[in-house]
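What follows is a short report on a single structure.
The values are calculated or read from the model by the stated rules, or taken from the named source; none is laboratory data. Owing to the predicted nature of the structure, the values given are computational and were not obtained by experimental measurement. Using ideal geometry, Cβ is built from the backbone for each residue, glycine included, and neighbour counts are taken over all protein chains shown.
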Amino acid sequence: MKIGILASNPNLYSHQRLIEAAESRGHEINFINIRNCYMNISANNPIVHYTGGEDLAGYDAIIPRIRPSLTFYGTAVTRQFEMMGVYCLNESVAISRSRDKLRTLQLLSRKGVPMPTTGFANSPEDTKDLIKIAGGAPVVIKLLEGTQGMGVVLAPTQKAAESVINAFKSLKANILVQEFIKEANGKDLRCFVVGDRIIASMQRTAAEGEFRANVHLGGSVDKVRITPTERKVAVKAAKILGLRCAGVDIVRSASGPKILEVNSSPGLQGIEQATGKDVAGMIIEYLEKNARPNKVKTTGKG
Ligand code: ADP
C-alpha cells in the first residue's frame, strides 16, 4: 500500500513508529506536512498539491494526525483526500467533532454514554446555576479548546468556582462546568480503540498534589485491565463520533465508568511503553484489512 501520515512534526515518536511499522510490513509510507499542502477545489478534479509542485496522488490510505492548533486546515486537507476517494483512517468530520468537547459530550449524551454531569452557559448571570447543575462545589472547570490538561481547573469551593468561571467569562472563553469525580483519585484510563476493538489500555496517575492525570503534567502510566463495561463504553464513544482510531479517556466513578474525552490523534509513546504492545503495527494492520484499494475516480488515475 501507499500510505501518507498527514501531520506537522515528522520527529514525533508516534509518527516515527507508524513509519517503522508500515515499512517493516513492506508498505510505502510518506510523511505529508499539513502546512505544505495546498488544494485545488475547482470543478470535479480535486487534488492535493505539495510545496514544490508535486501532486499527492495514488495514495491508498491517509493517517491524519492533526495537532489541535492546525484543526481547521488539517481537516480541510483530510477532506480533500476524502474527495479524491482516498481512505482516511479518521474522517475529517469525525476529527472536527472530537475537537469540540461540548459537541462530543452532546453527541455522547444523546446515545446514553455515561459522563460527569456537565453544564455550559454563556452569560455570567447564570454562573450560580451552572455550579448547581454540576452538583455544587467542588467542580471542574474546563476551557472548551483546552488540551493536555491545560485549561482544566479544580475549584474546591463555591466562591472559588464563581471567581474562576467569571474570570474565564470576562476573557470571553467558552467553558464547561463539570461534576468533580473525587473517587477517580487522580487516575484515569486511556483506552486505545482501533476499529471496534480496544487494542491497548493504560492507567494514568496524576503527579503528587495534582488531580489531572495528563502525562504532560507529570502523570505516570501503567498497564491496566479494564472491565467489560469500560470496554463497551469506550468502543461505543469512538463509534458515535465516527472515529476508527481513538484514545478514549475514562474516569472510574462510584457509579461506573464516565467518559471525559475522545482523542482523534492519540499518542503512541505512553501506551506502547506501558503495555509493551506494538500499537503502531496494529494500526497498519487495520489499514491493510480495511483501506479499500485506491480508487481516485475523479482524476481517472489508479
Ligand atoms: P484535556 O483534554 O485537557 O486532557 P480532560 O478533560 O481530559 O482535559 O481533563 C484532564 C485530566 O483531568 C483528566 O485526564 C482527568 O485526570 C482529570 N479530570 C478531568 N475532568 C475530571 C472530572 N470531572 N473529575 C475528576 N477528574 C477529572
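A compact table of results
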{"read-out": "Residue within the range 257-275 that is surrounded by fewer than 20 Cβ atoms within 10 Å (Cβ to Cβ), modelled with pLDDT of 95 or more and β-branched (Val, Ile, Thr) present", "value": "yes"}
{"read-out": "Hits in the range 23-55 (condition: touching a residue at least 24 places away in the same chain (Cβ under 8 Å) and in a loop (DSSP other than H, G, I, E, B))", "value": "Arg25, His27, Ile41, Asn44, Asn45, Pro46"}
{"read-out": "Residues that are within 28 Å of Ala254 (Cβ to Cβ) and within 18 Å of the chain's Cα centre (by Cα), drawn from the range 177-196", "value": "Asp188, Leu189, Arg190, Cys191, Phe192, Val193"}
{"read-out": "Residue count for the range 152-169, restricted to those that are free of Cβ contacts under 8 Å to residues at least 40 places away in the same chain and near the ligand (Cβ under 10 Å from one of its atoms)", "value": "1"}
{"read-out": "Selection from the range 2-22 of residues that are among the hydroxyl-bearing types (Ser, Thr, Tyr) and part of a loop (DSSP other than H, G, I, E, B)", "value": "Ser8"}
{"read-out": "Scan of the range 211-241 for residues that are modelled with pLDDT under 95 and either within 14 Å of the chain's Cα centre (by Cα) or within 22 Å of Ser96 (Cβ to Cβ) (or both), ordered by number", "value": "Asn214"}
{"read-out": "Search result, residues across the range 115-150 that are over 29 Å from Lys236 (Cβ atoms), surrounded by 17 or more Cβ atoms within 10 Å (Cβ to Cβ) and among the polar types (S, T, N, Q)", "value": "Thr127"}
{"read-out": "Answer from Arg79, Arg110 - the residue that is under 30 Å from Asp60 (Cβ atoms) and among the basic types (Lys, Arg)", "value": "Arg79"}
{"read-out": "Verdict on Ile34 being among the β-branched types (Val, Ile, Thr) and at pLDDT 95 or above", "value": "yes"}
{"read-out": "Filtered residues of the range 1-30 (kept if under 24 Å from Asp55 (Cβ atoms) and small (Gly, Ala, Ser))", "value": "Gly4, Ala7, Ser8, Ala22"}
{"read-out": "Filtered residues of the range 194-224 (kept if within 10 Å of the ligand (Cβ to nearest atom) and without any contact (Cβ under 8 Å) to a residue 12 or more places away in the chain)", "value": "none"}
{"read-out": "Total residues in the range 147-204, condition in contact with an Asp or Glu (Cβ under 7 Å, 6 or more places away or on another chain) and in a helix (DSSP H, G or I)", "value": "0"}
{"read-out": "The range 256-269, subset part of a loop (DSSP other than H, G, I, E, B) and within 13 Å of the ligand (Cβ to nearest atom), residue nearest to the chain's Cα centre (by Cα)", "value": "Ser264"}
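Okay, residues lined up against (1) near the ligand (Cβ under 9 Å from one of its atoms); (2) modelled with pLDDT under 90; (3) closer than 30 Å to Glu91 by Cβ:
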{"position": "Met150", "(1), (2), (3)": "yes, yes, yes"}
{"position": "Leu171", "(1), (2), (3)": "no, yes, no"}
{"position": "Val177", "(1), (2), (3)": "no, no, no"}
{"position": "Gly186", "(1), (2), (3)": "yes, no, no"}
{"position": "Phe192", "(1), (2), (3)": "no, no, yes"}
